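Below is one structure, written out as structure tokens; comments come after it.
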Amino acid sequence: MTHEVLGIDVGGSSVKAALVDVDGGQLVGELISATTPQPATPDGLMPVIAGLVARLPQAAARVGVAFPTVVKRGRVHTAANIDPSWIGTDGAALIERTLGRPVEFLNDADAAGVAEVRWGAGRGQLGTVVMLTFGTGIGTALFTEGRLFPNTELGHMEIRGMDSEKWASAQVKAAQNLDWSAWIERVNVYLERLYAMLWPDVFILGGAISQRFTDFAPLLRSAAKIRPAQFAGQAGVIGAALAAAERPPAIRAAR
Ligand code: BGC
């Protein structure tokens, strides 16, 4: 029997959910989504999450939730692209109460990286891998020999006196109407700065933009290898489910 876990990915513009086969690293059925409510407060988001889960088959006992903030032991510590009222809340406990099931709660880029390193573009890769998600913000996940160093938040590294995600995210590309070459010039500067700090072997470029990889790949420059994410917009959902499947219950209980 396949081992199925519910994966949810809360983003700045949409909340996605699907049932995931965590043994095979793929969705079971379709990915469903809803618009992120504005403001994206805990009270605004809980009915949206509950509504999505109600539309999916109810068999999965466990739930993984990818969230666009620093998350430590289930608690939210930052709020760059979500309502600030989340800061200090126990997000895992809140969603557990809403859904009535154990919840694993982690940073969205970390979740996407877990999916890619386990089954996607980083599979079997030794050394250091940096997963980047370009969306509303820039999410980062750092892996060495397949192990995650969580909450790196390098999308907020300062570049030219600016928060780098306010300069090089996919949202900035759209808002400032940058063509591929203007945007990739910024991405290349960003990759260079990351390379100088971390010396990764591979960068994995994720977020919805990775589906257009062939359009901009020839413009990318880095001393590290650059690969497109394999799961694109599904990586957060798949990785959240995998994290929920793998976290031992004893550690979850000690939170
Ligand atoms: C947040 C990160 C998140 C990233 C992508 C950033 O603004 O600080 O926690 O991973 O956006 O959603």
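The values are calculated or read from the model by the stated rules, or taken from the named source; none is laboratory data. Worth saying up front: this structure is predicted, and the values here are computed from it rather than measured. So basically every Cβ, Gly included, is an ideal-geometry build from the backbone, and we count neighbours across all protein chains shown. With ligands, DNA and RNA removed, areas are computed over all heavy atoms of the protein, side chains included. Shrake-Rupley method; radii C 1.70, N 1.55, O 1.52, S 1.80 Å.
Details
- Within the accessible area of the stretch 124-229 (1.4 Å probe), percent carbon and sulfur: 53
- Set of lysines with alpha-carbon distance to K173 below 30 Å, sequence-local pairs under 8 removed: K16, K225
- Share of alpha-carbon pairs per 5 Å distance bin for the stretch 51-99, given as whole %: 5, 18, 28, 21, 15, 11, 3
- Along its three principal directions, the equivalent ellipsoid of the stretch 156-214 from the Cα gyration tensor extends over semi-axes of 18, 16, 9 Å, largest first.
- Cα-based convex hull, the stretch 51-150, per residue volume (Å³, whole number): 121
- Equivalent ellipsoid semi-axes - Cα gyration tensor, the stretch 124-229, angstrom: 21, 15, 12
- Count Lys and Arg as plus one, Asp and Glu as minus one, and take only other residues whose Cβ is under 13 Å from that of A80; the net charge is then -4.
- Order by protection proxy (mean Cβ within 10 Å, highest first), peptides 78-90, 28-40, 54-66: 54-66, 78-90, 28-40
- Accessible area (Å², per residue) of the stretch 124-229, counting only protein heavy atoms and a probe of 1.4 Å: 49
- The charge dipole of the chain, taken about the Cα centre with unit charges on the Cβ atoms of Lys, Arg (+1) and Asp, Glu (-1), comes to about 240 debye, rounded to the nearest 20.
- Using only side-chain charges placed at the Cβ, +1 for Lys and Arg and -1 for Asp and Glu, the dipole size of the stretch 124-229 relative to its Cα centre rounds to 120 debye.
- The eigenvalues of the Cα gyration tensor, multiplied by 5 and square-rooted, give the chain an equivalent ellipsoid with semi-axes of 28, 20, 17 Å from largest to smallest.
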